[in-house]
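Chemist: Encoded as structure tokens, here's the structure I'll be asking about.
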Amino acid sequence: MSVLHKNKTFATLLATVTGGVGLHRFYLRGQADKWGWLHAASLLGCAAVFSLWPQADAYFLLLPLIVSILIGILEALVLGLMPDEKWDAAFNAGTGRQSDSRWPLAMVLVATLMVGAFGLIAAIARLFDLLYTGGIYG
């Protein structure tokens, strides 16, 4: 059985776009990854918050998923900034191929940083709005 070569650019993009549900973890480590399942459980966390507090603001209902998305974006930055040699040693040890990251990875990293910064600032701003004004500004 041959081992598939894992693409660093694709893994970074997957972590950016679907990091909240952990698809990048399953792509890299398979279905036995406990942290991937914890990301996926964030959807169940949203359902649990809704069942316990159905009249809550949407921010609090989605808070488990928001935290998981922000962690996924951080993981995307860590994966994308990992040197190719270290990447190959960690995820492509048995493939016999070497990774060669180029400009598409740099573009994904810039977009990830922009989305992550916007998401983190928006989450903090909404939290402070809800805590200190009762949500009067939104």
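Chemist: Looking only at residues that are of a type in the set (A, V, I, L, M, F, W, C) and not in a helix (DSSP H, G or I) in segment 93-138, which one is nearest to Gly72 (Cα to Cα)?
Modeler: For segment 93-138, the residue satisfying everything is Ala93.
Chemist: Within segment 54-76, is there a residue that is within 13 Å of the chain's Cα centre (by Cα), over 30 Å from Gly134 (Cα atoms) and not polar (S, T, N, Q)?
Modeler: Looking through segment 54-76, at least one residue is within 13 Å of the chain's Cα centre (by Cα), over 30 Å from Gly134 (Cα atoms) and not polar (S, T, N, Q).
Chemist: Give Leu38, Leu13, Leu4, Leu52 a once-over and let me know the one that is surrounded by fewer than 18 Cβ atoms within 10 Å (Cβ to Cβ) and in contact (Cβ under 8 Å) with a residue 40 or more places away in the chain.
Modeler: Every option except Leu4 fails the conditions.
Chemist: What is the one condition in (1) modelled with pLDDT under 90; (2) surrounded by 18 or more Cβ atoms within 10 Å (Cβ to Cβ) that Ile66 does not satisfy?
Modeler: (1)
Chemist: Go through segment 75-92 and report how many residues are exposed (fewer than 15 other Cβ atoms within 10 Å of the Cβ) and touching a residue at least 40 places away in the same chain (Cβ under 8 Å).
Modeler: Matching residues across segment 75-92 total 1.
The values are calculated or read from the model by the stated rules, or taken from the named source; none is laboratory data. None of the values given here were measured: they were computed from a predicted structure. With ideal geometry, Cβ positions are generated from the backbone for all residues, glycine too; neighbour counts draw on all protein chains shown.
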